[in-house]
1. Just one of the numbered conditions (1) open to solvent by less than 20 Å² (accessible area, probe 1.4 Å); (2) more than 14 Å from the ligand (Cβ to nearest atom) is not true of Glu67; which one?
2. Quick one: which helices (runs of 4 or more DSSP H) sit completely within the range 63-144 and have at least 3 residues that are over 15 Å from the mean Cα position of the chain (by Cα)?
3. Counting only residues that are of a type in the set (D, E, K, R), over 22 Å from Val129 (Cα atoms) and near the ligand (Cβ under 10 Å from one of its atoms), how many does the range 175-216 have?
4. Name, by its number, the condition in (1) within 13 Å of the ligand (Cβ to nearest atom); (2) under 19 Å from Ala183 (Cβ atoms) that does not hold for Leu84.
5. Is at least one residue of the range 141-148 touching a Leu at 6+ places or on another chain (Cβ under 7 Å), within 16 Å of the ligand (Cβ to nearest atom), more than 17 Å from Ile16 (Cα to Cα) and not β-branched (Val, Ile, Thr)?
6. Select from the range 195-210 the residues that are open to solvent by less than 40 Å² (accessible area, probe 1.4 Å) and either part of a strand (DSSP E or B) or without any contact (Cβ under 8 Å) to a residue 40 or more places away in the chain (or both) and list them in ascending order.
7. Just give me the residues in the range 175-194 being open to solvent by less than 10 Å² (accessible area, probe 1.4 Å), aliphatic (A, V, I, L, M) and closer than 20 Å to Ala116 by Cα, in sequence order.
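The values are calculated or read from the model by the stated rules, or taken from the named source; none is laboratory data. In this text the structure is predicted, and so the values were computed from the model without any measurement. Methodologically, a virtual Cβ is constructed for each residue, glycine included, from the backbone with ideal geometry; neighbour enumeration extends over all protein chains shown. Just so you know, the surface numbers come from the protein's heavy atoms only, side chains and all, with ligands and any DNA or RNA stripped out. Shrake-Rupley method; radii C 1.70, N 1.55, O 1.52, S 1.80 Å.
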Amino acid sequence: MSLHAGTKRLTVPELIARKGKDPIVCLTSYHAHTAKLIDPHVDLLLVGDSLGMVMYGMETTLGVTLEMMIAHGAAVVRGSQKALVVIDLPFGTYEESPAHAFHNAARAIKETGAQAVKLEGGTRMEATVRHLTERGIPVMGHIGLTPQNVNVMGGFKTQGRHRADWPQIEEDAKALASAGVFAIVLEGMVAELADKISSEISVPTIGIGASPGCDGQILVTEDMLGLSPSAPKFVKEFATLGTQIANAAQAYSEEVRARKFPEQEHTYAMKAEAKEPKAD
Ligand code: KIV
């Protein structure tokens, strides 16, 4: 399924073995071209359902379908060769029952060639995670600020600001770890809680808006490239591609309007004719 058959990707056991050693580097990816550019520099590529907002201009991730995830997931697998590729299961495709989750997770794996899936939720997803992992589907967990839960939370709210909330979130992490997840994304939670969870569970934690003490970090690629108009506070922009794209579009527009582009080097010449065509 990959363009790079035969090359070796990071495996799930290799990723688990990284806990407590070198930080695990993760980024989101939605298409082949950027996957190819970032693959040499990361351990894990997440085809996140954040693509609903980033690629499709949706307000939340709730409208993302399994078909969208499969199309983008297959593109990322084709574009990459060394990173572990994980596909987000979108809202409504795994919550109903473990059997329903298996059906959709198996489709995501078979139709993309990715190695694993990610789903949101803690203790309530324990039975589902166990069902998937026992049947050969590696699962990454996701707790803390879980965007698919936006309507229940009443917005995208940082978790664990009050100590009274910590036991449930710690319980979520422990339940997922004992059910067999190979890693857990800790999103939008206070750093002290993320550190405590990271020290309490045996699988790697991957932070986003969490703590430098997590076993790895993930960002939405478009956010860290400076392409998102309103990136959250926890994002560091490592490039300013948004400004560069706008400047390039402006320069192109000015040259087309002034008939400066295309120049001769951008046009095709005719082949030299062997003989002039005969006159009738
Ligand atoms: O959908 C996504 O991109 C994610 C990351 C933010 C972890 O779940």
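1. The single condition Glu67 does not satisfy is (1).
2. It comes to 98-112, 126-134.
3. The total comes to 0.
4. All conditions pass for Leu84, except number (1).
5. Scanning the range 141-148, I find at least one residue that is touching a Leu at 6+ places or on another chain (Cβ under 7 Å), within 16 Å of the ligand (Cβ to nearest atom), more than 17 Å from Ile16 (Cα to Cα) and not β-branched (Val, Ile, Thr), so the answer is yes.
6. Passing the criteria: Ile197, Ser198, Ile201, Thr205, Ile206, Gly207, Ile208.
7. Ala175, Leu176, Ala179, Val181, Ala183, Ile184, Val185, Leu186
Here's the yes/no breakdown for (1) open to solvent by less than 70 Å² (accessible area, probe 1.4 Å); (2) more than 24 Å from Leu10 (Cα to Cα):
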{"site": "Lys82", "(1), (2)": "no, no"}
{"site": "Asp88", "(1), (2)": "yes, no"}
{"site": "Ile109", "(1), (2)": "yes, no"}
{"site": "Ala127", "(1), (2)": "yes, yes"}
{"site": "Ile143", "(1), (2)": "yes, no"}
{"site": "Asn151", "(1), (2)": "no, yes"}
{"site": "Gln168", "(1), (2)": "no, yes"}
{"site": "Ala173", "(1), (2)": "yes, no"}
